[in-house]
Amino acid sequence: MSEVEGVVQGHRDGHGFLIPDDGQPDLYLSSQEMHAVMHGDRLRARIVRYDKRGRPEGRVLEILDRKKRPIIGRLLLESGVWLVAPEDKRYGQDILVPKNAIANATAGQVVAVELTEPPSLYSQPVGRVTEVLGEIDDPGMEIEIAVRKYEVPHRFSAETLAQAAKLPDRVRAVDMKNRVDLRDVPLVTIDGEDARDFDDAVYCTPHKQGRGKTAFKGWRLLVAIADVSHYVKPGEALDLDAYERATSVYFPRRVIPMLPEKLSNGLCSLNPDQDRLSMVCDMLVTEEGETFAYQFYPAVICSHARLTYNEVAAVLANTHGPEAARRKGLVPHLLHLHEVYRALLSQRQRRGAVDFDTVETQIVCDDNGRIEKIIPRTRNDAHRLIEEAMLAANVCAADFIAGGKHHSLYRVHEGPTPEKRTVLQAYLRALGIGMGLSDDPSPGEFQAIAQATKDRPDATQIHTMLLRSMQQAIYTGANAGHFGLAYQAYTHFTSPIRRYPDLLVHRVIKAMLGNKRYQLDPAKMDVPTPPKRPGRAKPINPASASTEVERWEVVGAHCSANERRADEASRDVEAWLKCRYMREHLGEEFSGTVNAVTSFGLFVQLDALFVEGLVHITELGGEYYRFDEVRQELRGERTGIRYATGARVQVQVSRVDLDGRKIDFRLVRETDESRPSARPPRDKTGQAAPRQPTDKLVEVQRQDREVKASGKRARSGSASRSGGATAASPVKARKAAARQATESGKPRKRR
């Protein structure tokens, strides 16, 4: 049998997977093989057998490298033994801590522990406490855990802070040299109410030039972007820290910025009535929404107002209202922005760009950092106006770089793979949707399907399947276009305060304006090799990146990986907050909608709270359900009962797993608005299946909370995780395994 090398990805149930470096299928490692290794370790393993479905199973031959990083968890005292239960359940084993190595921590606190002895086949890992984060209920503790759990850099180096402190507090006269002075142009920023850093300002005015057939009639659109590259130079401490982070990470009530606050909220932020350095994309847009001409140049601007989306939407809706009266001098310019937006939008529709109507939510927290409410985030014309202006500037940047044949980073979004296209076509046929896909589908085909199905009760599931069939957007040095937006070339230019790729694009454009070429610094390639992604070539090893093309590929892979890491950390915090929020609603009933169907149950989103939970298949009554992968529905073999997306249901909050970030519902009944295919389970007499008494459920939950509050946890080492629970309670074990199967399968829309 062949041997492979790769990185271990643990599973909370005790087993694990070796992710091979060469992109081969993941290698299953049994719980016994995982005794001596931990999540994140580098191994060499041998394939020893294949299961019935052809999946390889392996045996560990050698541990090549132990991942050296602190592990976050709860410090517990059990039977006189101190141990740390990792917050990341993929580690699979508790860490023993000698009494003299707990620092000043107390039982129940969240700590960071460093391994002093790795695990072996017959012993658990041993470590020492290196940092005490605090109590689990401390405000913001979920963020402190997440940034360490996902290894998000959250402390700037001393060199970076010192360099930032030396920067001026305001733009100096020397900084304005060789820049176009646009301080008299009424550029404005338009952002959310809670925004703190403003990296883009816009202005629009009608424009005419020429006569006859060559005459131009349309608008002049200015998009001014903070010139971060003027202050953050390649190779300096500020740049090295920014590259390591690659992106800002946004949590409820807190941001882990890519740049120190002096830059992100001060010197680079386009605050109102403050002179600021910027890079400007100056465009001429025709009445048909096409960019007729553009140019880039460095400028100095002064934002005339800090506007919010809601404020601008109110002005556009009523030019004689109170909001318009307060911004009287800016109303004509806002109307011109709205005009060019409508032209750009019409061009988007003609281009066939994919545009799904999805409901995004916003978490509103109280002073203690706990969820107060979750509200839908309403997108209005002001949101879309800014989005179209930024898209236009990004497209111009990509076109400028591609036209100059300069290396850079592109934002690439590829269409469906042949395999995913086949699955999608089968799904559409099963639903009776008579709109197929060609062998080489265009974005317009996807948009046509989305438009044709937008009024169906299962529109959300259809649109989700359309999204799943596409590949994830990435940063890469090779331009392959943007499928979703229907652009031949696209990059990110408009957010250099919070995204490192945008900062690189600014440097490239500046170099091209000066008839120079921007060269990446090989010394910055000190990043781990990213894992191979399905359907792509094996990533380049940073240590061997010798050509300029390879260096850009390494930088792109690094930025893409850190972008995904930031998303995972943000989702983890939101899931923790939602679980904490739903613990206050245990036993309560809510109406909701089935928004996803899997082989192990139904995912239901509550109408009032915008929280999603799982109705496990074992909670659907005494029936054997078969999952129809094509139709995405569960069908009872005996009764023919079907549960499909879009069904309206009434559920009860039955369990909240704060550690696992999971919420379980119990199906109470289908509501009157249910789809005919989704009916409540019935017994042999045709009567509805009896409900579990609510008071009994609440009592069980109360007892469960009391046991947890006592700090006692039943443990029997790493071996119990692999088999003990399953032997004692097969139903619970199946539920746990099913819930874990969802961790990597939930789609997430990206722009």
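All of the numbers you see were taken from the coordinates with simple rules; none came from a lab. As the structure is a computational prediction, the values presented were derived from the model and not from experiment. Using ideal geometry, Cβ is built from the backbone for each residue, glycine included, and neighbour counts are taken over all protein chains shown.
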Rough spin-label spacing in nm, given labels placed 7 Å along Cα→Cβ, for residue 419 and residue 176: 5.9 nm
Rh by Kirkwood over Cα pairs, then Stokes-Einstein D for the chain at 0.890 mPa s and 25 °C, µm²/s: 85 µm²/s
The chain - charge dipole about Cα centre, Lys and Arg +1 at Cβ, Asp and Glu -1, debye rounded to 20: 1020 debye
Per residue of the range 138-154, what does 6.51 cos²θ - 1.76 cosθ + 1.60 with θ = phi - 60° give for ³J(HN,Hα)? Whole Hz please, x for Gly and Pro, Karplus curve as stated. 5, x, x, 4, 4, 6, 4, 5, 5, 5, 7, 4, 9, 6, 7, x, 10
In the range 117-170, what chymotrypsin sites (Phe, Trp or Tyr not before Pro) fall in a loop by DSSP, with at most 13 other Cβ atoms inside 10 Å? 122
With Cβ to Cβ distances under 12 Å as the rule, what net charge do the other residues near residue 57 carry (K, R +1; D, E -1)? +3
Test of understanding: what is the full-extension gain from residue 546 to residue 406, defined as 0.36 nm times their sequence separation minus their Cα-Cα distance? 48.7 nm
Of all DSSP beta bridges having both residues in the chain, the percent classed as antiparallel (nearest 5) is 90 percent
Phi to ³J(HN,Hα) by Karplus 6.51 cos²θ - 1.76 cosθ + 1.60 over the range 200-211, Hz, x for Gly, Pro: 9, 10, 10, 7, 8, 8, x, 9, 9, 7, x, 9
Unsatisfied cross-links (Cα-Cα over 25 Å) in the set 89/420; 233/405; 89/578; 213/405; 68/149: 89/420; 213/405
For the range 247-382, restrict the atom set to alpha-carbon positions and state the Rg and Dmax in Å. 18.4, 52
Is the range 71-136 best put as rounded, prolate or oblate by its Cα gyration tensor, with a ≥ b ≥ c the root eigenvalues, rounded for a/c under 1.5, and otherwise prolate when a/b is larger than b/c, oblate when not? prolate
Cα-based Rg and Dmax for the range 3-65, where Dmax is the largest Cα-Cα distance (Å): 10.3, 32
What number comes out for the charge environment of residue 229, summing +1 per Lys or Arg and -1 per Asp or Glu over other residues with Cβ under 9 Å away? +2
Cβ crowding within 10 Å averaged over residues, with 512-520, 227-235, 452-460 ranked highest first: 227-235, 452-460, 512-520
Of the listed peptides 598-609, 165-176, 326-337, 240-251, what is their order by residue-averaged count of other C-beta atoms within 10 Å, with the highest listed first? 240-251, 598-609, 326-337, 165-176
With the cut-off at 1.5 for a/c, could you classify the range 158-406 from its C-alpha gyration tensor as rounded, prolate or oblate? oblate
Highest mean first, how do 615-625, 255-265 rank when packing is the count of other Cβ atoms within 10 Å averaged over residues? 255-265, 615-625
Can you give me the long-range amide H partners of residue 87? Hydrogens built in the peptide plane at 1.01 Å from N, cutoff under 5 Å, separation of 5 or more residues or another chain. 72, 73, 74
Classify the range 163-306 as rounded, prolate or oblate, taking a ≥ b ≥ c as the square roots of the eigenvalues of its Cα gyration tensor: rounded when a/c is under 1.5, otherwise prolate if a/b is larger than b/c and oblate if not. prolate
Count the net charge of all other residues whose Cβ sits under 12 Å from the Cβ of residue 336, scoring Lys and Arg as +1 and Asp and Glu as -1. +1
